[in-house]
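The values are calculated or read from the model by the stated rules, or taken from the named source; none is laboratory data. Predicted model only: the values in this text are computed from it and were never measured. Every residue, glycine as well, gets a Cβ built from its backbone with ideal geometry; the counts of neighbours run over all protein chains shown. Each accessible area value is taken on the protein alone, full model and side chains, heavy atoms only, with ligands, DNA and RNA left out. Shrake-Rupley method; radii C 1.70, N 1.55, O 1.52, S 1.80 Å.
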Amino acid sequence: MNSAVALAVLSIFFSGALAFGVAWQERRSVTHWAFVLGMLALTIESIFSALSAMATLPEEMIRWQNLRLLAMSCMPGPWLFFALSYSRGDYQSSVRKWRFLLAGAFLLPVSVAFLYRAKLISSVGRSLEGNHLVFILGTPGFILNFLFFLGALLVLMNLERTFRASVGTMRWRIKFMLLGVGILFAARAYTSTQILLFHAIDLSLQSVNFTALLVGCLLVLRSLFREGHFEVNVYPSHSVLHNSFTVVLAGVYLVIVGLFAKVVSALGGEKAFTLKAFLVLVALVFFTMLLLSDRVRLRTRRFISRHFQRPIYDYRAIWKSFSESTASCIEPTELCRAAAKLVANIFQVLSVSIWLVDDKKEKLAFTASTSFSDNKGNSLTPQSADAAEVIRALRNHPEPIDIDSSTEKWAAALRRCHPDEFRKGGSRVCVPLILAGEVLGLMTLGDRVSGAPFLQQDFDLLKCIGDEVAAGLSNVQLSQKLLQAKELEAFQTMSAFFVHDLKNTASTLNLMLRNLPVHFDDPAFREDALRGIAKSVDHINHLIGRLGHLRHEVKINLTETDLNEVISNALADWEKVTDVAIAKELRSLPRMLLDREQILKVITNLVLNAREALSKDGRIQIDTQHNDGWGILTVADNGCGMSAEFLTRSLFRPFQTTKKSGLGIGMFQSKMIVEAHGGRIEAESELGKGTTFRIFLPLQKLSK
């Protein structure tokens, strides 16, 4: 067995073992199954690739290569789903957003491979050096490899997004998984570009795939031994291509390889071209790993600070980043997550957790962490007695505290809620979140990269950040209270509409009861009273039904209506009251499109207000007319009137009234109803002389 065959056997063994090992785990999710399917597809594809390399006849090699391409077509879908869902707390949102690309990754490569499986490879040729066979791709084979290359880029982009969004211990737990799958698909992207450049499959590239598969499997296996790597909750940004290093890396690599290919073509070929292109890819991947290394970034920053006399922190950049990260946060949890990520990146710590104080200032509630999941955070939250002691202690110690060096009982409680992940992670620090002497929460830091100690400059910056987070929390909490107050106000406004309608109905029934002793023996009156009571009951039941679907605006149902008839029906009960003089002059009006029930409310409200403003000798005048395309209803009284200030500023505003027992909602409701009809309402009043209301309703041309 030569080295190439041994490499193939090892890579196939490890990939298959990983697939079955993850499938047999007790806790399985859709992410687990996506990983299993992706690994099985890789294993099967590698088996066919190895069989093709070991075959001696060209016909056998082509058959195995066709089967390899069929297996390869099944890889983009599961792996893209895995990249979208692995360690993401909101993977359902990512899957919904990428649903069309995800469906394409599942369907397009498989459709091309199976529908045109006889045309994937068109012929067999010789390499540039002429020492081994290559398989010339047909058009379907070229398209399949191009789709696979795009799928590999999408997988790498999403793995990068997950890595960027993770911080602290979360990144430590998942980085080997991301690195292993990333190396695997980076190598696949490299071999795909070679195939696309030369329109041919070179068997010498298979050793690159085998090597990448073996290395990737070993890294993934290392990741499986880290507890909770499948349970990390990362929340990546929803931007897709913005600041994507994967896209930049792929673009740079393709440009370099493209230039190499042109030079090679011009010079008549070069034996080492494939090796050089692979070395370019390895160099770019290694450079990327250096850029993303926490240790390299920390040591570079300290080197610059030590040798070029610069402060460790760029405060302008920090506050700009803090403002951009927290400005759009409208929930305490969202703000705490952003703050935890920011602190982890600034101080190069792997574990940052935030607990908030409850409304009674007696308990702590886990809110966000870069180290553990919500379930674990809730289990680590201090008990009520310990939490109360911690809150009291922090109120007296508003500065950041090294809890590892403290012997206080409350410090021991904080150490229990923030366990060490690494033995050489340095000291753990607690940052109180205090505003105006009130403890809003606390932030704990630990597991610093390289175990670097916290200096005084670190403590000063932590104090400023803690104060800013506390101020942000206070603003968010006040905004939520304001929103709740506005929602309550809106509910009270709508409820007042119904109360006002019930009040008008009660007034109508009261008038009927006042006349009942006088006219009880009159059969016509009793019949009319029964109709009035039935009408009032129906109206009350209708109002109760509407309580189930409150609206913030008036909904009208227009029907062809005679306004004078509506007025006459509304005044039928009022005219029987002996102490109120109602005069009416209802001129001829064309029929109008009105909501009869809503206009009846307006009329009832105006007459009721006029009656309550009258003295013993008071009088109400009701007129109708039409002029210049408007139907005009006028309700006038000679009552107490209103002041000019109230008329201008308060008349049509809710909860503003001049009556001792009024709700201040009637005119506001009437104005909304009239305006919903496309009309307007005007008022004239003078103290001691009375009030006149004019309602203008549009006259529409009715179809015959």
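Data for the structure
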{"quantity": "Filter result (more than 17 Å from Phe225 (Cβ to Cβ), modelled with pLDDT under 85 and in contact with a helix residue (DSSP H, G or I) (Cβ under 7 Å, 6 or more places away or on another chain)) within the range 6-29", "calculated": "Leu7, Ala8, Ala23"}
{"quantity": "Only listed residue being open to solvent by less than 10 Å² (accessible area, probe 1.4 Å) and in contact with a Ser or Thr (Cβ under 8 Å, 6 or more places away or on another chain), chosen from Ser73, Ser85", "calculated": "Ser85"}
{"quantity": "Criterion violated by Ala387 - all others in (1) of a type in the set (Gly, Ala, Ser); (2) more than 34 Å from the chain's Cα centre (by Cα); (3) buried (at least 20 other Cβ atoms within 10 Å of the Cβ) satisfied", "calculated": "(2)"}
{"quantity": "Leading residue by the ranking (nearest to Ala339 (Cα to Cα)) among those in the range 139-150 that are open to solvent by 10 Å² or more (accessible area, probe 1.4 Å) and out of contact with any Phe, Trp or Tyr (no Cβ under 7 Å at 6 or more places or on another chain)", "calculated": "Leu150"}
{"quantity": "Selection status of Gly130, modelled with pLDDT under 90 and at positive phi", "calculated": "yes"}
{"quantity": "Scan of the range 301-332 for residues that are assigned to a helix (DSSP H, G or I), modelled with pLDDT of 75 or more and surrounded by fewer than 16 Cβ atoms within 10 Å (Cβ to Cβ), ordered by number", "calculated": "Arg316, Ala317, Trp319, Lys320, Ser321, Ser323, Glu324"}
{"quantity": "Pairs with Cβ under 7 Å, 6+ apart, first in the range 369-386 and in contact (Cβ under 8 Å) with a residue 40 or more places away in the chain and under 19 Å from Arg88 (Cα atoms), second among the basic types (Lys, Arg) and buried (at least 16 other Cβ atoms within 10 Å of the Cβ)", "calculated": "Thr370/Lys341"}
{"quantity": "Single unsatisfied condition, Thr169 versus (1) among the hydroxyl-bearing types (Ser, Thr, Tyr); (2) modelled with pLDDT under 85; (3) touching a helix residue (DSSP H, G or I) at 6+ places or on another chain (Cβ under 8 Å)", "calculated": "(3)"}
{"quantity": "Checklist (1) at pLDDT 85 or above; (2) within 18 Å of Leu350 (Cβ to Cβ); (3) part of a strand (DSSP E or B) applied to Leu433, failing item", "calculated": "(2)"}
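Matching residues to (1) part of a helix (DSSP H, G or I); (2) modelled with pLDDT of 85 or more; (3) open to solvent by 20 Å² or more (accessible area, probe 1.4 Å); (4) farther than 18 Å from Trp630 by Cβ:
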site: Glu565; (1), (2), (3), (4): yes, yes, yes, yes
site: Ser568; (1), (2), (3), (4): yes, yes, yes, yes
site: Asp579; (1), (2), (3), (4): no, no, yes, yes
site: Ala583; (1), (2), (3), (4): no, yes, yes, yes
site: Pro590; (1), (2), (3), (4): no, yes, yes, no
site: Leu593; (1), (2), (3), (4): no, yes, yes, no
site: Glu597; (1), (2), (3), (4): yes, yes, yes, yes
site: Ile603; (1), (2), (3), (4): yes, yes, no, no
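For (1) assigned to a helix (DSSP H, G or I); (2) open to solvent by 60 Å² or more (accessible area, probe 1.4 Å); (3) more than 24 Å from Lys175 (Cβ to Cβ), each residue gets a yes or a no:
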residue: Val5; (1), (2), (3): yes, no, yes
residue: Gly38; (1), (2), (3): yes, no, no
residue: Phe48; (1), (2), (3): yes, no, yes
residue: Ser52; (1), (2), (3): yes, no, yes
residue: Arg63; (1), (2), (3): yes, yes, yes
residue: Leu80; (1), (2), (3): yes, no, no
